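The structure appears right after this line, and notes come after that.
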Amino acid sequence: ETGVTQTPRHLVMGMTNKKSLKCEQHLGHNAMYWYKQSAKKPLELMFVYSLEERVENNSVPSRFSPECPNSSHLFLHLHTLQPEDSALYLCASSQDTVSGSLGEQFFGPGTRLTVL
Amino acid sequence: GENVEQHPSTLSVQEGDSAVIKCTYSDSASNYFPWYKQELGKRPQLIIDIRSNVGEKKDQRIAVTLNKTAKHFSLHITETQPEDSAVYFCAAEDGATNKLIFGTGTLLAVQP
C-alpha cells in the first residue's frame with residue numbers, strides 16, 4: 001500500500017454504538033490530520049498530530065476521540081454519535097518543518113459514515 | 001483566526017474556455033495558499049500552491065495569483081477539458097496555528 005489508507009471505507013452505526021476509524025500513512029510524514037467533510041460545508045479540521053504534538057480543535061464534541069500511537073497511524077474513536085455526525089471523514093498527512101512551515105497534505109480516500 | 005471565502009460555488013464553462021475561482025482570506029500573517037481538486041467520489045489532491053514570497057505561479061494550464069495587499073488569491077484554468085470537472089478547494093494557512101483553513105469549494109463543470 002502506498003500513500004494514505006483508511007478503513008473502513010463505509011460505516012453505518014447506531015447512536016449507541018462504539019466504532020473506530022483507522023488511518024495509516026506510508027509516506028514517512030510527521031503530521032497527521034482528521035477532517036470532516038459535509039455537504040456544502042468547507043473541510044473542517046478536527047484534530048492534528050504534528051511533530052508529536054496533538055492540536056485539538058475546541059469545537060469538536062467529546063464523542064470524537066483521536067489516538068495517534070505512532071507517526072504512521074491515526075485512529076478516530078466514535079461513541080454515542082448523532083445523526084448530524086454523518087459525513088465523510090478524511091485523514092491526511094504531511095511533512096511539516098520544525099519551524100511550523102506546512103507541507104503538502106496527502107489525503108486518504110475517506111470513510112463515509114452514516115449514523116442512524 | 002483565519003477565515004476563507006470562496007466564489008463562485010458553482011461554475012459551468014464550455015470546453016476550451018477559461019475558468020477562474022477566487023478566494024479571500026482574513027489573516028495577514030498567512031503565507032501558504034494551496035488549491036485542491038476533488039473529483040466525484042475521490043480524495044482531495046493538491047494541484048498547485050503558492051507561498052507569499054511570489055505573486056504568481058504557473059503549471060501548464062493551471063495558474064495561481066496572489067495579492068497579499070488585498071488578501072485574495074485566484075485559480076486560473078485555461079483551455080478547460082471535461083476531466084477538469086471537479087470540486088476545487090482553496091485554503092490558507094492560519095498564521096497562529098499553522099493549520100489549513102479551507103474554503104467552501106467550487107463545483108466546476110466543463111461542458112463538452
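The values are calculated or read from the model by the stated rules, or taken from the named source; none is laboratory data. Computed from a prediction, not measured in an experiment: that's the story for all the values here. Cβ coordinates were reconstructed from backbone atoms using ideal geometry, including for glycine residues, and neighbour counts include every protein chain displayed. We work out accessible area using only protein heavy atoms, side chains counted, and drop any ligands, DNA or RNA first. Shrake-Rupley method; radii C 1.70, N 1.55, O 1.52, S 1.80 Å.
In the set (1) facing chain B (nearest Cβ under 9 Å); (2) open to solvent by 10 Å² or more (accessible area, probe 1.4 Å), the condition left unmet by A:Asn70 is number (1). Residues in segment A:1-33 that are free of Cβ contacts under 8 Å to residues at least 40 places away in the same chain and either closer than 19 Å to A:Ala87 by Cβ or of a type in the set (D, E, K, R) (or both): A:Glu1 only. Taken together, the residues in segment B:45-81 that are within 11 Å of chain A (Cβ to nearest Cβ) and in contact with a Lys or Arg (Cβ under 7 Å, 6 or more places away or on another chain) amount to 3. Hey, can you tell me all the residues within segment A:75-116 that are aromatic (Phe, Trp, Tyr) and either touching a Phe, Trp or Tyr at 6+ places or on another chain (Cβ under 6 Å) or touching a residue at least 60 places away in the same chain (Cβ under 8 Å) (or both)? Once the filter is applied, which keeps residues that are aromatic (Phe, Trp, Tyr) and either touching a Phe, Trp or Tyr at 6+ places or on another chain (Cβ under 6 Å) or touching a residue at least 60 places away in the same chain (Cβ under 8 Å) (or both), segment A:75-116 yields A:Tyr89, A:Phe106, A:Phe107. Checking each residue in segment B:16-31 for being exposed (fewer than 13 other Cβ atoms within 10 Å of the Cβ) and at pLDDT 95 or above picks out B:Gly16, B:Ser18.
Here A:Gln6 clears all of (1) closer than 24 Å to B:Thr104 by Cα; (2) modelled with pLDDT under 95; (3) open to solvent by less than 20 Å² (accessible area, probe 1.4 Å) except the condition numbered (2).
Being open to solvent by 20 Å² or more (accessible area, probe 1.4 Å) and more than 30 Å from B:Leu107 (Cα to Cα) narrows it down to one residue among A:Glu53, A:Glu44, A:Glu24; which is it? Only one candidate passes the filter, namely A:Glu53. Inside segment B:74-112, residues that are over 20 Å from B:Ser9 (Cβ atoms), at pLDDT below 95 and open to solvent by 40 Å² or more (accessible area, probe 1.4 Å) make up a count of 4.
Of the listed requirements (1) more than 14 Å from chain A (Cβ to nearest Cβ); (2) surrounded by 13 or more Cβ atoms within 10 Å (Cβ to Cβ); (3) in contact with a Ser or Thr (Cβ under 6 Å, 6 or more places away or on another chain); (4) under 30 Å from B:Pro112 (Cβ atoms), B:Gln6 misses just one: (1). Within segment B:36-63, the set of residues being open to solvent by 30 Å² or more (accessible area, probe 1.4 Å), assigned to a strand (DSSP E or B) and over 28 Å from A:Thr111 (Cβ atoms) comprises B:Arg51, B:Glu56, B:Lys57, B:Lys58, B:Asp59, B:Ile62. Reported count of residues in segment A:104-116, each being within 14 Å of chain B (Cβ to nearest Cβ) and part of a loop (DSSP other than H, G, I, E, B), is 5. For segment B:21-35, filtering for residues that are not in a loop (DSSP other than H, G, I, E, B) and not β-branched (Val, Ile, Thr) leaves 7.
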